[in-house]
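Heads up: the structure comes next, in structure tokens.
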Amino acid sequence: MLPARLRVVYLHGFASSPASRKAHFFREQLQQLGFVVTAPDLAQGDFERLTISAQLKVIDRAANHNPIILIGSSLGGYLAALYAARHPEVDRLVLLAPAFDFHRLWTTQLGPERLAAWKEAEVIRVFHYAAGRELPLRHEFLDDASHFEPFPDFCQPALIFHGNHDDVVPFIYSSKFVEAHANARLVRVESGHELTDVLDEIWRRSQEFLVDGTRPGE
């Protein structure tokens, strides 16, 4: 069994915040079991200048070089994977619709015309779910993302949840990762990208993985 004192760091998704429904749900469930849960603001109040590199530094400060469990949603899941690949002190991960191959995902979805317009204007306006309105995002975000590997090669145990009807990050991305990583287990659920309608199912499986220390395949 994992020690209850092992701290959990929850990483929210793109254009979200530590006040998201999933962050609140996991914090509440885990705290009832005695875990200390941290959910940092990955944008640090400056969404316009958001980058992958800057978010990894936020995670590093939250971890403070201690053994931790990472739970990440969408972009937060990709960040968790990147961080775990660079930090062996991460004990295990729960990833919710992780945005693997993030740079390709974005460039494919935006298309060449919008990408060119973003680069020329230097900023693009995107809807920020936590703010409830569109906010500017600098092109540095995409430039920086291009420097990171699409499928981080971490070796810690991981439990991955992905919706069969995810139209933002198709489940094939998680399937591809799991095919190459015996340390990870994929649980496909009947949901879309948000996964908020299957949180009880996700928690039942996550509790076994986090509390009992069950490894994928056991």
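Data for the structure
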| quantity | calculated |
| --- | --- |
| Verdict on residue 205 being outside any loop (DSSP other than H, G, I, E, B), touching a Phe, Trp or Tyr at 6+ places or on another chain (Cβ under 8 Å) and modelled with pLDDT of 95 or more | yes |
| Residues being in contact with a Pro (Cβ under 8 Å, 6 or more places away or on another chain) and among the aromatic types (Phe, Trp, Tyr) - total across region 97-148 | 2 |
| Residue pairs meeting the criteria (Cβ under 8 Å; at least 6 apart or on separate chains; first surrounded by 15 or more Cβ atoms within 10 Å (Cβ to Cβ), in region 171-184; second of a type in the set (S, T, N, Q) and modelled with pLDDT under 95) | none |
| Enumeration of residues in region 150-170 that are touching a Lys or Arg at 6+ places or on another chain (Cβ under 9 Å) and either among the acidic types (Asp, Glu) or without any contact (Cβ under 8 Å) to a residue 40 or more places away in the chain (or both) | 164 |
| One residue from 56, 30 being part of a helix (DSSP H, G or I) and farther than 23 Å from residue 126 by Cα | 30 |
| From the options 25, 47, 14, 35, residue that is touching a Leu at 6+ places or on another chain (Cβ under 6 Å) and closer than 15 Å to residue 94 by Cβ | 25 |
| Which listed residue is in contact with a helix residue (DSSP H, G or I) (Cβ under 7 Å, 6 or more places away or on another chain) and either crowded, with 19+ Cβ neighbours inside 10 Å or not acidic (Asp, Glu) (or both), from 90, 126 | 90 |
| Subset tally (residues that are touching a residue at least 40 places away in the same chain (Cβ under 8 Å) and in a strand (DSSP E or B)) for region 100-149 | 8 |
| Residue count for region 44-74, restricted to those that are in contact with a Gly (Cβ under 6 Å, 6 or more places away or on another chain) and exposed (fewer than 13 other Cβ atoms within 10 Å of the Cβ) | 0 |
| Among the candidates 96, 110, residue that is in contact with a Leu (Cβ under 9 Å, 6 or more places away or on another chain), modelled with pLDDT of 95 or more and closer than 22 Å to residue 139 by Cα | 110 |
| Filter result for residue 101 (surrounded by fewer than 24 Cβ atoms within 10 Å (Cβ to Cβ) and in contact with a helix residue (DSSP H, G or I) (Cβ under 7 Å, 6 or more places away or on another chain)) | yes |
| Hey, residue 23 among the hydrophobic types (A, V, I, L, M, F, W, C) and exposed (fewer than 13 other Cβ atoms within 10 Å of the Cβ) or not | no |
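The values are calculated or read from the model by the stated rules, or taken from the named source; none is laboratory data. Please read these numbers as outputs of a predicted model, since none were measured by experiment. When we count neighbours, we look across all protein chains shown, and the Cβ atoms used for this are built from the backbone with ideal geometry, even at glycine.
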